[in-house]
Structure formats: structure tokens, C-alpha cells
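The values are calculated or read from the model by the stated rules, or taken from the named source; none is laboratory data. A quick note: this is a predicted structure, and the numbers were derived from the prediction, not measured. Ideal geometry is used to build each Cβ from the backbone, glycine not excepted, and the neighbour counts take in all protein chains shown. In case anyone asks, the SASA skips ligands and DNA or RNA and just uses the protein heavy atoms, side chains included. Shrake-Rupley method; radii C 1.70, N 1.55, O 1.52, S 1.80 Å.
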Amino acid sequence: MSIRHALIIGGGLAGPVTAMFLQQAGISAAIYEARSAVEEASSGLQIAPNGMNVLKAIGIDGKVADAGCITSHICFRNSEGKVLSRLENGNPQHHGAPAVTITRSALHQVLISEAIRRGIPVCFGKRLVELENRPEGPVHARFEDGTSAEGDIVIGADGIWSAVRRLTMPQAPDPTYTGLLGVGGIVPLTNLANSPCLALADRDTMTMTWGPAGFFGYGACRLRSGKAMLWWSNQPQEVAPTREELKSASQDELRRQLMELHRGWHEPIESLIESTEEIQRIAIYEMPSLPAWHRGRAVLVGDAAHAMATSAGQGASQALEDGMLLARLLRDQRGAIEETFAAFEQQRRSRVEKISAMARRNSDRKKPLGPFGLRIRDFLMAHLLPALAGRSWNAMHAYKIDW
């Protein structure tokens with residue numbers, strides 16, 4: 001059975017990009033997003049060169065770069081400010097594209113607007129509650145508002161708490177807490193008068209700082225009002241907080257906790273914390289390895305299939321790679337749809353699981369260390385990281401999918 005129409009559940013990153021590649025492949029798609037609208041900026045991410053090359057293949061890499069800031073280097077420091085190493089974060093001449101730091105809302109806005117401009121239906125307020133996934137017939141999706149949709153296949157691009165995964169693979173493992181909280185914010189440069197951040201915002205470097213406990217990273221991004229500084233702190237916490245506990249802390253309490261953890265760390269860390277009007281806090285989860293990424297006429301992409309800890313800076317780029325490869329395989333499909341989905345999983349699983357393991361190791365480095373452990377970590381980051389990271393980063397950034 002040839003694929004004529006796909007239902008894509010999730011309008012974040014992988015959903016719109018997969019839909020645009022499917023359109024190029026001659027397959028129509030519609031996107032169904034649970035949220036009522038694109039959310040305003042509260043967090044950010046980095047798209048690595050391999051992810052930007054995916055966006056280049058559908059002609060939107062320029063729009064994404066214009067909405068963010070190019071990040072060509074990463075500087076690693078300890079909490080005293082000592083530079084441990086400084087690494088190239090992708091090279092456009094070698095890898096075909098730069099790395100870009102961007103707010104989630106700006107990226108979502110670019111992707112959704114471009115999908116709509118190209119004639120792809122995007123439906124907000126569509127929370128999936130039921131899915132009929134029959135091997136020989138069309139897929140039927142029913143939403144919380146009582147509406148429904150039908151397609152030849154369904155693509156779950158709905159994130160780590162995927163409804164598609166839950167409805168089609170009820171025995172699949174649940175997301176696993178990493179032992180880290182993510183706390184962060186975005187500060188317009190207008191809030192940072194006389195701060196060292198003003199000079200840093202004009203550079204193309206992201207800084208990552210490790211201390212005795214926790215981690216702090218920052219770099220330039222863009223808001224509608226102009227340039228800003230994006231920052232985040234990873235805090236060790238053994239027991240995962242509930243959603244109610246995450247929401248219960250006041251802004252003053254979050255700021256106090258951050259200042260206590262990072263007091264005495266090098267500038268501009270305390271300035272960023274003090275100048276942030278809205279601090280966000282989340283618990284960081286990852287997906288254990290799933291037995292399969294597909295069942296019947298349903299397939300998972302991005303975080304729905306392989307959400308990884310944030311410490312590799314590759315979550316978004318891996319989701320984009322998924323969308324491009326899946327669309328190409330569906331375009332070239334010759335056998336049963338299950339065979340195409342199996343080929344997609346087979347070609348993607350090894351790469352994403354290696355990167356996920358690397359993200360897990362990076363997260364472990366952010367957990368508390370004693371004085372001896374700190375000296376060993378600083379030594380390794382100064383003397384071994386440049387060579388080891390250089391090889392692994394080059395392998396990640398140089399990866400390209402033929403269209």
C-alpha cells in the first residue's frame with residue numbers, strides 16, 4: 001500500500017520538519033499539536049551543524065540562523081574561571097553549516113510558519129486520546145476536543161511523554177529521571193547594563209562551567225527585542241520532584257537557591273542570575289532504550305523514540321535527522337510499511353544510542369565531587385577533552401543524510 005497521507009502528532013521540532021520533507025517526497029501530511037499556540041521564549045537550545053544541514057536540505061537554515069546566534073566555539077571553565085579548554089563547535093567549511101543557539105519559541109515559530117507557508121495544515125489544541133492502529137487499514141486518531149483524523153500512517157513526534165508511544169506501545173518503559181534539575185532563563189541585554197555579558201553577547205562562544213556541585217552554561221541568543229543571554233544551571237537532586245513541587249517554588253526562592261549553589265563562581269554567573277526576571281525549573285528525564293520504535297502503522301521520531309539527557313547538545317539535531325531519513329525511506333518505499341519503519345529504526349538506533357550514552361556520561365560529570373575528584377576532572381578536561389571531544393564531535397557534526 002503506497003503512503004498518501006501522514007498524521008503527525010506533535011508540532012515541536014521533528015513534526016514540522018518531517019512534514020516538509022514528506023511534502024518534498026510527494027506525501028501529504030497534517031500536524032496535530034496539543035498546545036493551543038506557540039509558547040513564548042522561556043528556554044533555548046543549540047542546533048548542531050548536523051541539524052543545521054537537515055534544515056539546509058529544506059531551505060530554512062538561513063531563517064533559523066537569523067532567529068538565533070551562531071555559536072562557533074565552546075569554552076570550558078571551572079568555577080574559579082580558569083579556562084580548561086576551548087573547542088571549535090563545528091566548522092562550516094568542513095561540516096557544511098554552523099551551530100546555532102536559539103530560543104525554543106523562535107525555532108518553533110520559524111518551523112510552524114514555514115510549514116503553514118508551504119500549505120501544510122497545522123492544527124493546535126489537538127490532544128491525542130485514542131488511536132486505531134490497524135495493520136491493513138487506515139489509522140484513526142481521536143482528540144480530546146472530540147474531533148478525529150485519518151491517515152495511512154501516524155508519526156509520533158510528540159516528545160518524551162509521547163501519547164503515540166503510550167497508546168501504541170503500552171508496555172514500553174517510562175522515561176527515567178537523570179538525577180539532575182535544569183534551571184535557567186533568558187536575560188535581554190537591556191537588563192545587563194555595565195555587565196561583562198554585554199561584551200560576551202557579541203562573541204560566538206558558549207561558556208560551560210563545572211564547579212564542586214552542579215554546572216552553569218551561558219551564551220548569546222536573540223529575542224524579538226534584540227540580543228539576549230541564555231543561561232542554564234544543572235543541579236544534582238537524587239529524587240525526582242513532582243510537577244507540583246517544581247511549580248511551587250517562588251522566583252525569589254529559585255534565585256536564592258541558585259545564588260547559594262553558584263556563589264563565588266566566576267563572572268558573569270551571579271549577574272545573570274540576579275538579572276533574570278523569570279527563572280524556569282524542570283526535572284531532566286531520558287528515555288531508556290525501547291524494544292522497538294514502531295508498531296503497525298505507527299512510528300516514533302525524536303524524543304518520543306530516544307529522548308536523551310541535555311548534556312550532549314544533540315537532542316534537537318537527532319530529531320531533525322530522524323524526520324529527514326524517515327521521509328526519504330517513505331518516498332523510496334518498495335515493501336510493506338512495517339519493513340520501511342524497521343529500516344528507519346535500524347539505520348538510526350546505533351547513532352542515537354551512542355550519543356545518548358555520551359550525554360549520560362556528561363551528565364554524571366555535573367554531580368558532586370570532592371577536592372580530589374575536582375582536580376582529576378579539571379586535569380582531564382584540560383588535557384584529554386580536546387582530543388577526545390574533537391574526534392567525537394567531528395563524527396557527530398560531519399554526519400549527513402543523502403536526500
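Accessible area per residue for region 73-128, computed on protein heavy atoms with a 1.4 Å probe, is 43 Å².
Taking Cα atoms only, the orientation of helix 104-117 departs from the longest principal axis of the chain by about 30 degrees.
Relative to the longest principal axis of the Cα atoms of the chain, the long axis of helix 371-383 makes an angle of roughly 70 degrees.
In the chain, the calculated helix contribution to ellipticity at 222 nm averages -11500 deg cm²/dmol per residue, counting -39,500 (n - 2.57) for every DSSP H run with n ≥ 4. Could you list, in their original order, any pairs among Lys63/Lys400; Lys56/Lys247; Lys126/Lys247; Lys63/Lys247; Lys247/Lys354 whose Cα atoms are separated by more than 31 Å? Those over the limit are Lys56/Lys247; Lys63/Lys247; Lys247/Lys354. Within the full protein context, the accessible area of His140 is estimated at about 60 Å² for a probe radius of 1.4 Å. Starting from region 305-385, pick out the trypsin sites (Lys or Arg not before Pro) whose DSSP state is loop and whose Cβ has at most 13 other Cβ atoms within 10 Å. Within region 305-385, the qualifying trypsin sites (Lys or Arg not before Pro) (loop, at most 13 other Cβ atoms within 10 Å) are Arg334. For the pair region 379-403 and region 199-261, the centres of their Cα atoms are 25 angstrom apart.
Measuring nothing but how far apart in sequence close Cα pairs (under 8 Å, 6+ apart) lie, relative to its length, the chain scores a relative contact order of 23 percent.
The fraction of accessible area contributed by carbon and sulfur in region 245-403 is 53 percent, rounded to a whole number (1.4 Å probe; ligands and nucleic acids excluded). Give the distance, in whole Å, between the Cα centre of region 318-337 and the Cα centre of region 1-67. Value for the Cα centre distance between the two parts: 14 Å. By the scheme Lys and Arg +1, Asp and Glu -1, what is the net charge of all other residues having a beta-carbon under 12 Å from that of Glu150? Neighbourhood net charge equals +2. What's the angle, to the nearest 10 degrees (0 to 90), between helix 315-331's Cα axis and the longest principal axis of the chain? Approximately 20 degrees, to the nearest 10.
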